[in-house]
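Let me begin by presenting the structure, written as structure tokens, before commenting on it.
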Amino acid sequence: RGDAPPASVEFTVVSQGLPADRARCGGVRFEKDGAAFYSGRGCTVGGARGWNVAAIDRASGELLEPARNFDTWYSGTPAATSMIDFLNRQPDGAMLLIAVGDEAGMNVGRSSGCPSSPPPGSVCCQRLGGEFDRLRRALEQLGARELGRLCYWNSYAFIAIKGAGPQGERLAKAEDAIVRHTLRLNRPVSVSGGAR
């Protein structure tokens, strides 16, 4: 007979905060039932710096496509456009895991020598416009509510069901942002035996 498939799976999104002295780079980790399936440090091109996104099929709890990194700090507008395209092509009902690694590059502060926990209202918290506004609106359509407070070098973790809203969101300064969501799987029930 074999083991019955699980009825639920817990997903965790971790955005590692930067200490005030920036002694380490912020990273990200996506976990399924406590086991990491995507992780990285945000220090370099090709790492986890910027936005990190995974799309999960709610029926099976499996990835719809490989998790992706969009380095909006380094690549700017092209990475923001690519992330918008990634979000738009996911089907309604998909669960999205989203985390900032190190720095998302969404604020003017990216070139102003900002500290890791800037004061609200400073240049380090002022939004960049253009494609970054489009990306912010795309995330807000998924149910994000904390992006208006996103400052330079903040950690941010978010889980949403596309078309159904947020399942968890956390923005933090100089500490980890962590959200968890238990996904109830919609697997079909198999029927064995019976009259023929």
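The values are calculated or read from the model by the stated rules, or taken from the named source; none is laboratory data. Here the structure is a predicted model, which means the values were calculated and not measured. Every residue, glycine as well, gets a Cβ built from its backbone with ideal geometry; the counts of neighbours run over all protein chains shown. Areas reflect the complete protein model, heavy atoms only, side chains present, ligands, DNA and RNA absent. Shrake-Rupley method; radii C 1.70, N 1.55, O 1.52, S 1.80 Å.
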Given the -39500 (n - 2.57) contribution per DSSP H run of 4+ residues, what per-residue ellipticity at 222 nm results for the chain, rounded to the nearest 500 deg cm²/dmol? -4000 deg cm²/dmol
Overall form of the range 31-89 per C-alpha gyration tensor (a/c, 1.5; a/b vs b/c): oblate
Provide the per residue accessible area, probe 1.4 Å, for the range 116-160, rounded to a whole number of square angstrom. 41 Å²
Can you compute the FRET efficiency between ASP133 and LEU64 using 1/(1 + (r/R0)^6), with r the Cβ-Cβ distance and R0 = 30 Å? Round to the nearest 0.05. 0.70
Accessible carbon and sulfur surface of the chain relative to its total accessible area, %, 1.4 Å: 48 percent
I want to check the label-to-label distance for ALA164 and ALA36. Put each point 7 Å from Cα in the C-beta direction and report it in nm to one decimal. 2.9 nm
Hull volume in cubic angstrom per residue (convex hull over the Cα atoms of the chain): 118 Å³
